[in-house]
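Structure first, then comments.
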Amino acid sequence: MMARDKPADTTMMGVVHDALRRDLIRLKDGLGTTPPPGDDRHKALAEHAEWMMNFLDDHHHGEDGGLWPLLRERAPHAGALLDRMTADHQRIGAAIEQTRLAAEHYRMDSGDDARAQFLAALATLAESLLPHLRSEEDEAMPLVSATITDAEWKQWDNRQNIRGKSISKLADEGHWLMDDLDRDRYETLTHLVPAPVRVVILKGYRRRYRTNCARRWGPHVFVGPRNGPAS
Ligand SMILES: [Fe+2]
Ligand SMILES: [Fe+2]
């Protein structure tokens with residue numbers, strides 16, 4: 001078997017999903033503090049949730065627009081599973097919209113009611129999103145590996161998630177994905193871009209990510225890769 005014909009390595013799907021899981025928890029914890037988040041913190045939390053909702057929307061579009069159609073073509077027996085994945089995205093889409101509205105409201109009004117509505121929207125989102133992430137990992141990703149090659153997976157990933165994005169956007173997403181990541185997956189993630197781009201992202205944008213994290217989570221939340229290289 002040629003290297004490019006080996007089964008798709010879907011590690012990156014888990015990396016993306018884990019980042020979503022991690023920050024849903026951080027948002028819930030950050031909004032639930034006593035006393036509640038102050039002026040700058042509340043805005044930073046709201047802005048980050050809005051950023052995450054855009055990211056999640058894009059993630060779903062990439063799956064619906066590129067990955068599922070390829071699987072449907074190659075594995076006609078998987079229709080029911082893919083119908084379920086698509087229906088999940090539609091349901092989650094409504095929760096994303098609610099979360100976006102609640103975050104926007106909270107950004108402009110840090111009062112208890114707006115904060116409670118934001119927390120409720122995040123809880124509703126988690127209710128539909130978390131089981132979906134799990135079944136995508138447990139059911140859809142094995143089908144991907146059994147059906148498409150690693151070269152095809154990389155082509156999709158590159159087209160959907162990397163190509164055409166500015167370094168600044170890649171850096172925002174890259175540092176967000178490598179946050180709290182184990183060493184092996186950190187290596188996989190950082191090697192998706194060519195070495196010169198990787199160096200610029202790692203060296204040039206680390207401080208910006210950490211400053212933004214300190215603004216929303218406070219200075220005591222660890223936001224580097226786990227067992228990663230010294231910063
Ligand atoms: Fe996914
Ligand atoms: Fe999905």
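In a residue-by-residue description of the range 200-214, the property of being of a type in the set (S, T, N, Q), assigned to a helix (DSSP H, G or I), closer than 23 Å to Leu27 by Cβ and in contact (Cβ under 8 Å) with a residue 24 or more places away in the chain applies to at least one position. Tell me, yes or no, whether the range 61-72 has at least one residue that is more than 17 Å from the chain's Cα centre (by Cα) and more than 16 Å from ligand 2 (Cβ to nearest atom). No, there is no match, as no residue in the range 61-72 is more than 17 Å from the chain's Cα centre (by Cα) and more than 16 Å from ligand 2 (Cβ to nearest atom).
When each of Met108, Met13, Met85, Met53 is tested for being without any contact (Cβ under 8 Å) to a residue 60 or more places away in the chain, within 12 Å of ligand 2 (Cβ to nearest atom) and either aliphatic (A, V, I, L, M) or closer than 20 Å to Arg185 by Cβ (or both), the lone residue that passes is Met85. Selection within the range 199-231: residues that are crowded, with 16+ Cβ neighbours inside 10 Å and over 19 Å from the mean Cα position of the chain (by Cα). The member of this set that is modelled with the lowest pLDDT is Gly228.
For the range 1-57, filtered to residues that are modelled with pLDDT under 95 and of a type in the set (S, T, N, Q), the residue that is nearest to Cys213 (Cα to Cα) is Thr33. Here Asp113 meets the list (1) of a type in the set (D, E, K, R); (2) free of Cβ contacts under 8 Å to residues at least 24 places away in the same chain; (3) surrounded by 15 or more Cβ atoms within 10 Å (Cβ to Cβ) almost entirely, failing just condition (3).
The values are calculated or read from the model by the stated rules, or taken from the named source; none is laboratory data. Quick caveat, the model's predicted, so the values are computed rather than measured. Every residue, glycine among them, receives a Cβ derived from its backbone with ideal geometry; neighbour counts consider all protein chains shown.
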